[in-house]
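Structure first, commentary second.
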């Protein structure tokens, strides 16, 4: 097996296990909520949001550590650490221990997510980068198709713990495939590593998510809510200030001179907020309101990752031919229309047609958007800065996911934790609003990608 083939398969397996982890956690949520959190959805939601809180702050360091110590080394050890923390999650005795190890899992994801993309983009031919990531998208889609069904069957037969056990073999195999691969060029041993920024960023995101989770209890206009949000913004300002003053900034601020990188970053936030919140809202809508069983709900929702699998390769080819803007725009329009009709027509009465339209549209949108964001962010970037460029976009996505899940959960669950149709309609309305914002941001990607790449000088920090 050639090195390029091993890299592609290893990155695909990494995408598979990452997609498996991200998708199946939502299907584990109802069981963990009932078993470990006594039915409290607000507390249980931290098993979902903690990943975004932790990984969003460490993703930048993951890219920089790769630049300093070697992408390949950190990538393979990061995958093995993911396998170890998955084992610890499976053996957790209570909710808060599980949340702790979920946080440590996020540390491993912060390493492997940007480095897998950086390795694949760096070693792919110039004309095949979109297709390389599209192939990974196929595996991500496959994980979303198989994962929910397998997980719900494991839960039904055994317990939620087997959901975490199931991740381990894929992670170990991905590590073994990458073990002998050579380093990619662009290693910079002088790259500074500053965990102060990571700590401040984690606290900033953590306070924001905490405020959103307590908004219903405290009141949106209360001093507690306003003060916590203000503290979060102050910490974020400190991170940006430190990056601006640093000779080797943690956040690649100079890349924001590129219009497409700037809009790709904003779009990554809103897209992640939308995508991750819709899993939670739709799953619990089906189980709590329409009284679908978990297995039936999982089968219906696998239509979304199934569409991701179907659309990933054609999306890569279309992006290579026409650029990112028209492809992403089409995906967001279809996605928005799907949830708009669900928001209008879904109510107490079960509407299978309404649901199927939504999941088909959501899957099409996910398949045409997600992988292209990484390529858009990496265009026109020096080889030794690709890790940081992709890490920042991934970090923004994690912040967006934590923000979206926390706010959707707050809008969906009442203070007593008892969901109603009206509250779930609010959650779906939030998805519609964020997708409309994404639609507007997409127009910042207008212009031919190749023309821009050839006319601009690569930017350095």
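The values are calculated or read from the model by the stated rules, or taken from the named source; none is laboratory data. Because the structure is predicted, anything quoted here is derived from the model rather than measured. Ideal geometry is used to build each Cβ from the backbone, glycine not excepted, and the neighbour counts take in all protein chains shown.
Going residue by residue through the stretch 411-421, is there one that turns out to be more than 30 Å from residue 244 (Cα to Cα) and either at pLDDT 80 or above or within 17 Å of the chain's Cα centre (by Cα) (or both)?
Among the residues of the stretch 411-421, at least one is more than 30 Å from residue 244 (Cα to Cα) and either at pLDDT 80 or above or within 17 Å of the chain's Cα centre (by Cα) (or both), which makes the answer yes.
Can you tell me which condition residue 198 does not meet? The list is (1) within 21 Å of the chain's Cα centre (by Cα); (2) modelled with pLDDT of 80 or more, and all the others hold.
With respect to (1) within 21 Å of the chain's Cα centre (by Cα); (2) modelled with pLDDT of 80 or more, residue 198 is out only on (2).
Based on this model, can you work out whether residue 44 counts as touching a helix residue (DSSP H, G or I) at 6+ places or on another chain (Cβ under 6 Å), under 22 Å from residue 297 (Cα atoms) and modelled with pLDDT of 80 or more?
Numbers: touching a helix residue (DSSP H, G or I) at 6+ places or on another chain (Cβ under 6 Å): yes; under 22 Å from residue 297 (Cα atoms): yes; modelled with pLDDT of 80 or more: yes.
In short, yes.
Just one of (1) surrounded by 13 or more Cβ atoms within 10 Å (Cβ to Cβ); (2) touching a residue at least 60 places away in the same chain (Cβ under 8 Å); (3) over 25 Å from the mean Cα position of the chain (by Cα) trips up residue 218, so point out which.
(2)
For residue 115, indicate whether it is closer than 18 Å to residue 15 by Cα and either over 22 Å from the mean Cα position of the chain (by Cα) or in contact (Cβ under 8 Å) with a residue 12 or more places away in the chain (or both).
yes
Per-residue answers, yes or no, for (1) free of Cβ contacts under 8 Å to residues at least 12 places away in the same chain; (2) over 30 Å from residue 148 (Cβ atoms); (3) in contact with a strand residue (DSSP E or B) (Cβ under 7 Å, 6 or more places away or on another chain); (4) buried (at least 20 other Cβ atoms within 10 Å of the Cβ):
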| residue | (1), (2), (3), (4) |
| --- | --- |
| 199 | no, yes, no, no |
| 223 | yes, yes, no, no |
| 232 | no, yes, no, yes |
| 242 | no, yes, no, no |
| 260 | no, yes, no, yes |
| 277 | no, no, no, yes |
| 289 | no, no, no, no |
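Starting from residues that are on the phi < 0 side of the Ramachandran plot and without any contact (Cβ under 8 Å) to a residue 12 or more places away in the chain, keep the ones in the stretch 291-317 and report whichever is nearest to the chain's Cα centre (by Cα). Write out each step before concluding.
So in the stretch 291-317, the residues on the phi < 0 side of the Ramachandran plot come out as 292-317.
Right, trim to without any contact (Cβ under 8 Å) to a residue 12 or more places away in the chain and you get 292-293, 296, 314.
Working: 292: 26, 293: 26, 296: 25, 314: 22 Å.
Among those that are on the phi < 0 side of the Ramachandran plot and without any contact (Cβ under 8 Å) to a residue 12 or more places away in the chain, it is 314.
Could you check the stretch 67-79 and list, in sequence order, the residues that are closer than 20 Å to residue 177 by Cα and buried (at least 18 other Cβ atoms within 10 Å of the Cβ)? Before the answer, list the steps.
Of all residues in the stretch 67-79, those closer than 20 Å to residue 177 by Cα come to 69-79.
Hits for the stretch 67-79 are 71, 72, 74, 75, 76, 78, 79.
Here are 49, 23: which of them is in contact with a helix residue (DSSP H, G or I) (Cβ under 7 Å, 6 or more places away or on another chain), part of a helix (DSSP H, G or I) and at pLDDT 80 or above?
Only one candidate passes the filter, namely 49.
Only one of (1) touching a residue at least 60 places away in the same chain (Cβ under 8 Å); (2) within 19 Å of residue 398 (Cα to Cα) fails for residue 101. Which number is that?
Every condition holds for residue 101 apart from (1).
Report every pair of residues separated by at least 6 positions or lying on different chains whose Cβ atoms are under 9 Å apart, first residue within the stretch 23-43 and at negative phi and without any contact (Cβ under 8 Å) to a residue 40 or more places away in the chain, second surrounded by fewer than 18 Cβ atoms within 10 Å (Cβ to Cβ) and in a helix (DSSP H, G or I).
Qualifying pairs under 9 Å: 33/43.
If you check every pair at least six apart or on different chains, which have Cβ atoms under 9 Å apart with a residue in the stretch 319-337 that is on the phi > 0 side of the Ramachandran plot first and a residue that is buried (at least 18 other Cβ atoms within 10 Å of the Cβ) and part of a helix (DSSP H, G or I) second?
These pairs meet every condition: 323/445; 323/449.
Kindly indicate whether residue 340 is within 22 Å of residue 144 (Cα to Cα), in contact (Cβ under 8 Å) with a residue 40 or more places away in the chain and more than 21 Å from the chain's Cα centre (by Cα).
no
Find the residue count for the stretch 244-258, including only residues that are touching a residue at least 12 places away in the same chain (Cβ under 8 Å) and under 30 Å from residue 335 (Cβ atoms).
Within the stretch 244-258, residues that are touching a residue at least 12 places away in the same chain (Cβ under 8 Å) and under 30 Å from residue 335 (Cβ atoms) number 5.
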